Every structure is written in C-alpha cells, then in structure tokens.
Amino acid sequence: MKKILLVDDDASTTLVLDAMLTEEGFKVSVVNDSRKTVETALETQPDIILLDLMMPGIDGIEVCKILRAEPHFEKTPILFFTAIGDLDYKSSAYQAGADDFIVKPIHPVELISRIKKVSKGRT
C-alpha cells in the first residue's frame, strides 16, 4: 500500500481527497498547515507527496524546496495539486523539484492515473 502525504490548507479539499485516495487503496496522511509538512513527512515516510501551491505561511514552492533538500525526499514524487494554472507558477514548481503539476478541478480517474505514473517514474 503506497503512502501519500496530502498537504493543503483547505480542510474540505483534504477531506474529499483523503476519502477518494483511501478508497483507491492508498494510506493517506493529511497536513493542513504547511509549516508541519517536513515534520509529518519524516514521521510518515510517504511514497508520494500531493502538495497545494497557495497556502498561508510557507507556500507550496518553498515547501517543495525544503523537502527536496532533505535526503529522505530527494526521490519522493511530489505532485502539485492547485487551482492556479499560471505558467510562471508551473515553471517555479518544476524548478523547485516537482514531478507533476495538476490543475484543479481534475477528474478522480486522471488524478489517480497521474499519481501512479509519477510513483513508477521515481522509484
């Protein structure tokens, strides 16, 4: 069972995604405060990190950079899942170390497919 760390400040979003991903057979850990991401990631050792871009405090780009600086997460797939499809944000996300950039809304089948695709590509 693959473990996913879901990071989003919107509790309603994480509730829906948690239920959907759990139903697909993933073990999900949720973080609604970006400042707790690294601590939770070290505790849970996720196989995949699903990360929102715009969050109060530390935004997703900075969280991604911090995670990539940790030896434990150099190769862990990181997918941005955000409502912002701006090319500059996408470019910044990839430069920070993202493996994929998904713009909301997305069909659940496509989301699961992209999660599975990056998890195979990074191992």
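The values are calculated or read from the model by the stated rules, or taken from the named source; none is laboratory data. Treat the numbers as computed from the prediction; the structure is a model and nothing was measured. Here Cβ is always computed from backbone atoms with ideal geometry, including for glycine, and neighbour counts include all displayed protein chains. With ligands, DNA and RNA removed, areas are computed over all heavy atoms of the protein, side chains included. Shrake-Rupley method; radii C 1.70, N 1.55, O 1.52, S 1.80 Å.
Within the set ILE48, ILE61, ILE66, the sole residue that is closer than 26 Å to VAL109 by Cβ, in contact with a helix residue (DSSP H, G or I) (Cβ under 8 Å, 6 or more places away or on another chain) and at pLDDT 95 or above turns out to be ILE48. All conditions in (1) assigned to a loop (DSSP other than H, G, I, E, B); (2) under 19 Å from MET55 (Cβ atoms) hold for LEU67, with the sole exception of (1). All told, LYS120 meets the bar of being closer than 18 Å to LYS27 by Cα, over 15 Å from the mean Cα position of the chain (by Cα), modelled with pLDDT under 95 and surrounded by fewer than 17 Cβ atoms within 10 Å (Cβ to Cβ). Looking at GLU62, GLU70, just one residue is touching a Leu at 6+ places or on another chain (Cβ under 8 Å) and over 26 Å from GLU24 (Cα atoms), and that residue is GLU70.
Give the stretch 80-123 a look and list any residue that's assigned to a helix (DSSP H, G or I) and either more than 19 Å from LEU5 (Cβ to Cβ) or of a type in the set (Ser, Thr, Tyr) (or both), or say none.
Of everything in the stretch 80-123, those that are assigned to a helix (DSSP H, G or I) and either more than 19 Å from LEU5 (Cβ to Cβ) or of a type in the set (Ser, Thr, Tyr) (or both) turn out to be LEU87, ASP88, TYR89, LYS90, SER91, SER92, TYR94, GLN95, VAL109, GLU110, SER113, SER119.
Counting only strands (runs of 3 or more DSSP E) that fall entirely inside the stretch 1-51 and contain at least 3 residues that are surrounded by fewer than 22 Cβ atoms within 10 Å (Cβ to Cβ), the qualifying elements are 27-31. Here PRO77 does not qualify as open to solvent by 10 Å² or more (accessible area, probe 1.4 Å) and either β-branched (Val, Ile, Thr) or closer than 19 Å to MET1 by Cβ (or both). Checking each residue in the stretch 90-99 for being open to solvent by 20 Å² or more (accessible area, probe 1.4 Å) and in contact with a Phe, Trp or Tyr (Cβ under 8 Å, 6 or more places away or on another chain) picks out LYS90, TYR94. Residues that are closer than 22 Å to TYR89 by Cβ and among the charged types (D, E, K, R) within the stretch 27-79 comprise ASP33, ARG35, ASP52, ASP59, GLU62, LYS65, ARG68, listed in sequence order.
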